[in-house]
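For reference, the structure is listed below as structure tokens.
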Amino acid sequence: MKLRLFAAPLTEAVAHVARALPTRPPVPVLAGILLATGPNGLHLSAFDYESFATTSALAEIADDGSALVSGRLLGDIAKALPKNAEVDLELTDTRLLVRAGSARFELPLLPIDEYPALPATPDTVFTAPADEFADAVAQVVVAAGTDDTLPVLTGVLLTLEDDGRLTLAATDRYRFAVRESRVQPTGTVPTDDGQPATTVLVPAKWLADATKALAGDHPLHAGWHNGQFTLSVPGRHTIGTRLLAGEFPKFRALFPAPADAKMVITVPVDETIAALKRVALVIDTKRPVRLTAEDDQLSLTAGDDDSAFALDRVPCHSAGAVDRLESCDAAFKPSYLIDALQALTEPEARLYLTTPHKPALILGRAGDSADIGYEHLLMPIRLNATTTPA
């Protein structure tokens, strides 16, 4: 293998595939990045048995070949080179030579014959604008769990309808986020045990990182089959992971209809987030912030007379289900409520409550219309409870 390319695309390509490098590789070869020449230049890939990433960079190929080298070391070298430098890669019997200007590096080779074959890339099931899909994912992953002992709650459920509606849902048992968006089905419907597989459970952290990495003004292709899920920008990048197994909680019946709410609180999003952050300074992460709405103000209080105490107020008004908002109290874990509000794309939020002890429905609001494409369900905290969710 012998080739030449610029440092900037090499650095970008290495950084892209390095996301699939394991922190603690179970076998030494999985710490490596596989380099191979191909029709479009230099191809790079990394794999840790759970997820993989591939990409390519334009290069002038003198001799074909492949090499497996330390991904961390190659990444450090690439980042240290001037972006406009020309880089020569040349494979010898035991080393990969990297030359750029006066700098020369020799990287030891990892045993390429021990490197596992990458999973096959499934056919594309739907396409979507990359930026729009990344935004939809970002809205729901805030509700995903992080407890690996309950893996089904660490995922995002994707459900594709024939008409192109894609529903994304995530929960950690204390909150539920659901987003509906529009995608372009390709007509390819994978099967699972002979049945159409239009619903898959994708690891939430991986999905958030992958869609952020592939965001841009271009179509994003998604596909799944035989337990494998991939996102790709054709001709450039592909990222894949194993799907999660298990039954995701049924959620449609959990969401109350806005018209059934007995209390509705409409607040400015940014002001409320700022106020929540201020009053939460006096409490630990397990204690709630109380919301008290009267007339045109929402009071946010935290703490008590025996310890630190904080009070702040934001403007609010009643809308929708009632003509006048009567005094009401509800309490929430502040970080959860902040997450829900930050996920909204509208300037105002509506909190729909049936009672202070039943889940609150949170929707974004712009002008006279509420955004029902994104729904966030949040469990309140009983003010007389001795324990709160961790």
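The values are calculated or read from the model by the stated rules, or taken from the named source; none is laboratory data. Since the model is a prediction, treat every value here as computed from it, not as a measurement. Every residue, glycine as well, gets a Cβ built from its backbone with ideal geometry; the counts of neighbours run over all protein chains shown.
Quick notes on this structure:
- Residues that are surrounded by 13 or more Cβ atoms within 10 Å (Cβ to Cβ), part of a loop (DSSP other than H, G, I, E, B) and under 27 Å from the mean Cα position of the chain (by Cα), drawn from region 273-286: none
- A count restricted to region 256-274 and to residues that are within 13 Å of residue 365 (Cβ to Cβ), modelled with pLDDT of 90 or more and not aliphatic (A, V, I, L, M) stands at 3.
- Residue match in region 57-68 (condition: assigned to a strand (DSSP E or B), buried (at least 18 other Cβ atoms within 10 Å of the Cβ), within 29 Å of the chain's Cα centre (by Cα) and in contact (Cβ under 8 Å) with a residue 12 or more places away in the chain): yes
- Any hit, region 40-52, residues being in a strand (DSSP E or B), closer than 30 Å to residue 203 by Cα, touching a residue at least 12 places away in the same chain (Cβ under 8 Å) and over 28 Å from the mean Cα position of the chain (by Cα): yes
- When every residue of region 24-38 is checked against the conditions, none turns out to be small (Gly, Ala, Ser), on the phi > 0 side of the Ramachandran plot and modelled with pLDDT under 95.
- Residue check for residue 240: crowded, with 22+ Cβ neighbours inside 10 Å, not aliphatic (A, V, I, L, M) and not assigned by TED's automatic domain parsing to the domain that holds residue 12: yes
- Residue 177 aliphatic (A, V, I, L, M), outside any loop (DSSP other than H, G, I, E, B), closer than 20 Å to residue 245 by Cβ and modelled with pLDDT of 95 or more: no
- Those residues of region 193-237 which are without any contact (Cβ under 8 Å) to a residue 40 or more places away in the chain, assigned to a strand (DSSP E or B) and of a type in the set (S, T, N, Q), in sequence order: 195
- Screening 149, 171, 167 for residues that are within 21 Å of residue 214 (Cβ to Cβ) and among the hydroxyl-bearing types (Ser, Thr, Tyr) leaves exactly one candidate, 167.
- Any pair with Cβ under 6 angstrom, 6 or more apart, that starts in region 80-96 at a residue that is more than 23 Å from residue 112 (Cα to Cα) and ends at one that is small (Gly, Ala, Ser) and not in a strand (DSSP E or B): 81/7; 83/7; 83/8; 85/7; 85/101
- Selection status of residue 24, surrounded by 15 or more Cβ atoms within 10 Å (Cβ to Cβ), of a type in the set (Lys, Arg) and free of Cβ contacts under 8 Å to residues at least 24 places away in the same chain: no
- Condition met for residue 134 (touching a helix residue (DSSP H, G or I) at 6+ places or on another chain (Cβ under 8 Å) and at pLDDT 95 or above): yes
- Screening the candidates 88, 76 for the property of being within 27 Å of residue 238 (Cβ to Cβ) and exposed (fewer than 14 other Cβ atoms within 10 Å of the Cβ) yields one hit, 76.
- As a summary of the residue check, residue 185 satisfies the conditions (1) more than 15 Å from the chain's Cα centre (by Cα); (2) closer than 22 Å to residue 18 by Cα except for the one numbered (2).
- Filtering 270, 260, 193, 217 for residues that are in contact with a Phe, Trp or Tyr (Cβ under 9 Å, 6 or more places away or on another chain), exposed (fewer than 15 other Cβ atoms within 10 Å of the Cβ) and not small (Gly, Ala, Ser) leaves a single hit, 260.
- Meets criteria (assigned to a loop (DSSP other than H, G, I, E, B) and either of a type in the set (A, V, I, L, M, F, W, C) or under 17 Å from residue 197 (Cβ atoms) (or both)) for residue 146: no
- Applying the set (1) hydrophobic (A, V, I, L, M, F, W, C); (2) in contact with a Gly (Cβ under 9 Å, 6 or more places away or on another chain); (3) closer than 30 Å to residue 191 by Cβ to residue 120 leaves exactly one unmet item: (2).
- One residue from 29, 14 being more than 19 Å from residue 232 (Cα to Cα), touching a residue at least 12 places away in the same chain (Cβ under 8 Å) and either in a helix (DSSP H, G or I) or within 19 Å of the chain's Cα centre (by Cα) (or both): 29
- Within the set 266, 241, the sole residue that is under 16 Å from residue 16 (Cα atoms) and part of a strand (DSSP E or B) turns out to be 241.
- Test: residue in region 127-139 that is in contact (Cβ under 8 Å) with a residue 12 or more places away in the chain, within 29 Å of residue 373 (Cα to Cα), in a strand (DSSP E or B) and small (Gly, Ala, Ser): yes
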